[in-house]
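First comes the structure, then the notes that go with it.
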Amino acid sequence: MSTLEPISVRADAPAVLELPPAHLELTWRPLQETDADALFALVQAVEEADAPAQRESHDEVVELFEGAWKDLHRDSLGGFDASGALRAYGLVEVRPGDARTVRAFLRGGVHPQWRGRGLGRAVSAWLEGRGRQKLVETGKELPARLAVFVDEAARDQRRLWAAAGFSPVRWYTGMRRDLAAPLPDAPVPDGVRIVPWSAELDDAVRRAHNEAFADHWGSEPQTPETWRHDAHFRPAWSFVALAEGGQPGDDHAPDAPVVAGYLLSGAYEQDWEPLGYTCGSTELLGVRRPWRGTGLGSALLRHAMEAYRADDMQYATLGVDTANPTGAHGLYVRLGYEPTQGQVLYSVEL
């Protein structure tokens, strides 16, 4: 029996969400899809000033506005100057599939020329207030989290969220492997074959992902609606491991092959110039529990490296939770990956 207080009590949501004060000299309103170009320009200005390792494309910014579960009118905020230029923004998202911990993801930014006026504190306060309201609105009596990802090197942002009462709870490390080096010996396990990703296999991959990541901290089930491949997805660099006759130990499994593991890749060309090299990015890698310890993860990575190298990529890259329960970080090191940059998840646990 749960000992949690009701989400309406734990979240302590404000009854009225105040806009940032007028003395900050911006006019505030919800963002609209027609603001995508303005938001992209603001994101670019922030990136130019902060020099993060990863940059956002126009397509990625447009995707921030997409999704039937999003309510832009209530969950977004833009601050516009007297000329109508967007100078600050905030977005809150709660995904519909959360079943173990309901999470409100917060993100925002302030134009570099408008920093030092208190806008960052004002936007973060609005984000937190709206995030708390969103958690209550879900009605889910689950553990809850206000979450924001911050680049490890972004000291000002880290101080901002720490001052707001958020704590660093998880570290995610970016890693890369030089594809000019010999590729690792990683045979495919017996009874398994690795095939190219296909749309016909995609929903089975989604369900396998939900199972494979059920024991990962911070992971929640993907619904068909949230399981979307963006413009950076590269089917030719993505693979599915199929096991014939079901999973080991299941005498009643059907003859049809099942998804034992998968690797999905993307190409983030906007990152290549600031990084100084081209790369294929492993976005998702999962192995279902019955096939863990068989070398399947290594075999999938080898297939991806071969595909990246065939398209003249210089590096293979990926990100990993440093406390991953499957020991993935150690696996990547053994395969020749080296750490580059990282992100920190700041949260308030409710």
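Here are the numbers for this structure:
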read-out: Members of the stretch 9-33 found to be within 11 Å of residue 78 (Cβ to Cβ) and among the β-branched types (Val, Ile, Thr), listed by number; value: 27
read-out: Some residue of the stretch 44-52 being modelled with pLDDT under 95 and part of a loop (DSSP other than H, G, I, E, B); value: yes
read-out: Given (1) under 18 Å from residue 77 (Cα atoms); (2) buried (at least 17 other Cβ atoms within 10 Å of the Cβ); (3) among the acidic types (Asp, Glu), number of the condition residue 56 does not satisfy; value: (1)
read-out: Elements of type helices (runs of 4 or more DSSP H) in the stretch 234-350, at least 3 residues being at pLDDT 90 or above and in contact with a Gly (Cβ under 7 Å, 6 or more places away or on another chain); value: 296-310
read-out: Residue in the stretch 110-119 that is in a loop (DSSP other than H, G, I, E, B) and either in contact with a strand residue (DSSP E or B) (Cβ under 8 Å, 6 or more places away or on another chain) or buried (at least 17 other Cβ atoms within 10 Å of the Cβ) (or both) present; value: yes
read-out: Residue satisfying condition, being under 23 Å from residue 150 (Cα atoms) and basic (Lys, Arg), within set 132, 74; value: 132
read-out: Any hit, the stretch 67-83, residues being free of Cβ contacts under 8 Å to residues at least 24 places away in the same chain and basic (Lys, Arg); value: yes
read-out: Enumeration of residues in the stretch 92-107 that are surrounded by 23 or more Cβ atoms within 10 Å (Cβ to Cβ) and within 16 Å of residue 43 (Cβ to Cβ); value: 106
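The values are calculated or read from the model by the stated rules, or taken from the named source; none is laboratory data. All figures in this text were calculated on a predicted structure; none of them were measured in a lab. Counting neighbours? That spans all protein chains shown, and the Cβs are built from the backbone with ideal geometry, glycine included.
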